[in-house]
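Enquirer: Okay, here's the structure, questions in a sec.
Throughout, read-outs are computed from the coordinates displayed, never taken from laboratory work. These numbers come from a predicted model, not from an experiment. Cβ placement follows ideal geometry from the backbone for every residue including glycine, while neighbour counts extend to all protein chains displayed.
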Amino acid sequence: MDRSVGHRDDKEQIEAEAAEWVIRLGGDSPDVQARASFQRWRSQSVYHAEAFEFAQNTWGDLAGLREAPGLLSFDRVSSKPDTERLLAHMSMPRAPRRSLWSRAGIAAICLAAVIGVSSFWYGSPMTMMIADYRTLPGEQRSVTLPDGSVVDLSSASAIALHFSDRERRVELLEGAAYFTAAPKAGGENRPFVVEGAEGTATALGTQFVVDRLPDAVEVTVVEHEVRVNLTDPDHQTASAILAPGQSVRYSARSGLGKVQEKDVELAAAWRQGKLVFDRVPLADVVAELNRYRRGRIVIANPTLANRTVSGVFETRDLGRALATITHELGIVSASVPPLVTLLY
């Protein structure tokens, strides 16, 4: 660091300017004059160059923000000497003058998200291409399939149909869905199968919920029975048959979990415009809230991720829900609407 930069206010000003340059250079192609101005600014001191590199790297690390389920990982920037200072500033009380990462840093985070703004607003481009039916954040939709089955799609959810002569297969691409499967009757003998990640849920009756969580898929049975199958990387299959009021989670990493009792009304509370949490980790709560918002809530302090949340919240008033959660947990939040709300 350049020793000639001796005052805290000078450092903060340089850091703020560095974030602004990242923003300017990351937009439309800057003209020759802008590039020349940037080079003159950057060459003023070693600290100018270091501040710009740190701002640029952090912006790059945050470019994958939409793929995160709400938890902002600093793993890739943990080796940078200023990261501890970044987190320290995030935890400090508000003051008239703040460092880059409590003022301009939040703006940089939001503008990093602008890179994928269409994904925030409209979902993954890949999902858009392959989905037959989908919903946007905050939207719900009921779909009647060609066989007469009905699918209620939760917010930010998508399905693709793979009907054939042998089966009625529905792939849950993202989000959650409540399935009312048309039973086998008359000329309909094909099984009704819902694929989610590496597993399947085959209807042995009518109504069930499938939810693609950040790290697993959960199947909950409302009526009759459902058979859940999971095939691991070694092509070994695990199976469980669920009765009404039972659920199971599975993932490629953890396998097929234990069958648990589940309140079916809570499992599908989103159909009534409610989100119900009972001692749920904050990371999972944030992931669920993010399904219903066009912007993104981000946990900037990883130590908060396992704090638990309980409560019933209205999906139409998520601002109040977030305010209640942050107040109860003693968490500080900072927002730059409409893209990002930072929890720290």
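Enquirer: For the residue pair Ser142 and Arg227, what label-to-label distance in nm results when each label sits 7 Å from Cα along the Cα-to-beta-carbon direction?
Expert: 3.0
Enquirer: Separate question: Starting from the stretch 269-307, pick out the chymotrypsin sites (Phe, Trp or Tyr not before Pro) whose DSSP state is loop and whose Cβ has at most 15 other Cβ atoms within 10 Å.
Expert: Hits after loop and neighbour filter: nothing returned.
Enquirer: Gap in Å between the Cα centre of the stretch 158-175 and the Cα centre of the stretch 210-239?
Expert: 15
Enquirer: How far apart, in nm, are the 7 Å Cα→Cβ label points at Asn306 and Ala238?
Expert: Output for this residue pair reads 2.2 nm.
Enquirer: Could you please state, rounded to a whole Å, how far the C-alpha centre of the stretch 126-148 is from the C-alpha centre of the stretch 272-344?
Expert: With the stretch 126-148 and the stretch 272-344 each reduced to a Cα centre, they are spaced 25 Å.
Enquirer: Hey, how much of the P(r) for the stretch 216-344 falls beyond 22 Å, as a percent of Cα pairs?
Expert: Of the Cα pairs, 47 percent sit more than 22 Å apart.
Enquirer: Please compute the length gained on full extension between Arg279 and Glu198, using 0.36 nm multiplied by the number of residues separating them and subtracting their Cα-Cα distance.
Expert: Answer, rounded to one decimal: 26.4 nm.
Enquirer: Quick one: what Rg and Dmax do you get for the stretch 273-343 from the alpha carbons, in Å?
Expert: My reading of the Cα-based Rg and Dmax gives 11.0, 30 Å.
Enquirer: Continuing with this model, one more query. Could I have the simple spin-label model distance between Glu314 and Arg40, label points 7 Å from Cα toward Cβ, reported in nm to one decimal?
Expert: 5.6
Enquirer: Could you tell me which of rounded, prolate or oblate describes the stretch 123-268, using a ≥ b ≥ c as the square roots of the eigenvalues of the alpha-carbon gyration tensor, with rounded for a/c under 1.5 and, failing that, prolate when a/b is larger than b/c and oblate otherwise?
Expert: rounded
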